[in-house]
Amino acid sequence: MKLEKMDKEVFLRNVEELYKNFERNWKWSDTIDRDLSVVDFDYENYTGFNDKDGYFNYPVGLRTLFPGAHIFFVNAGGDWEVPICFAFYWDGTEMRGYIPSEGNVWNKELNRTWGNENGGFYDIDEKKLIESIEDNFSL
């Protein structure tokens, strides 16, 4: 996937606007909602814009992949779900969403999150998740 450079402060303002829109309408944007629809999960609990700690071992918040090119990690899941981790990024035209498959935990046969009765918490692997992001994005 193509990751485009954007000034860090401008990128963070865009992410903050996504959060404001989500908190008003329960939608990030049409494009991001479509990007994230590949996995069925709940937003009952999600990491906020200023959160410093993710759920379980997931990363959260801003990360710079390449000089001037950023992603923003968000964790989300229902009370009875194992959460997932996804990221916002700038593709040069609009903000997009991406759910890395490596290191992330969900039922990949049914494309939905595991209920907490199914376990899976110990399969969360932050290192694999970050490597998956790094491997799938380029400038």
Anything in region 54-66 that is over 13 Å from the mean Cα position of the chain (by Cα) and modelled with pLDDT under 95? List them, or say none. F56, N57, L65, F66
Would it be correct to say that D33 is in contact with a Lys or Arg (Cβ under 6 Å, 6 or more places away or on another chain) and either without any contact (Cβ under 8 Å) to a residue 12 or more places away in the chain or farther than 22 Å from L139 by Cβ (or both)? yes
Can you tell me which residue in region 54-75 is farthest from D7 (Cα to Cα), limited to those that are assigned to a loop (DSSP other than H, G, I, E, B) and in contact with a Leu (Cβ under 8 Å, 6 or more places away or on another chain)? Y58
Matching residues in region 76-98 - criterion: being in contact with a helix residue (DSSP H, G or I) (Cβ under 7 Å, 6 or more places away or on another chain), at pLDDT 95 or above and either buried (at least 21 other Cβ atoms within 10 Å of the Cβ) or assigned to a strand (DSSP E or B) (or both): C85, F86, A87, F88, W90, M95, R96, G97, Y98
Here the qualifying pairs (Cβ atoms under 9 Å; residues six or more apart or on different chains; first in region 47-62 and within 15 Å of D125 (Cα to Cα); second of a type in the set (D, E) and not in a loop (DSSP other than H, G, I, E, B)) come out as G54/E126; F56/E126; N57/E126; Y58/E126; P59/E126
Output the residues belonging to region 1-42 that are surrounded by 13 or more Cβ atoms within 10 Å (Cβ to Cβ), assigned to a loop (DSSP other than H, G, I, E, B) and within 16 Å of the chain's Cα centre (by Cα). L3, W28, S29, V38, V39, F41, D42
Can you find a residue that is touching a strand residue (DSSP E or B) at 6+ places or on another chain (Cβ under 8 Å) and assigned to a strand (DSSP E or B) anywhere in region 43-53? yes
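The values are calculated or read from the model by the stated rules, or taken from the named source; none is laboratory data. Here the structure is a predicted model, which is why all the values come from computation and not from measurement. Don't worry about glycine lacking a Cβ; one is built from the backbone with ideal geometry, like all the others, and counts go over all protein chains shown.
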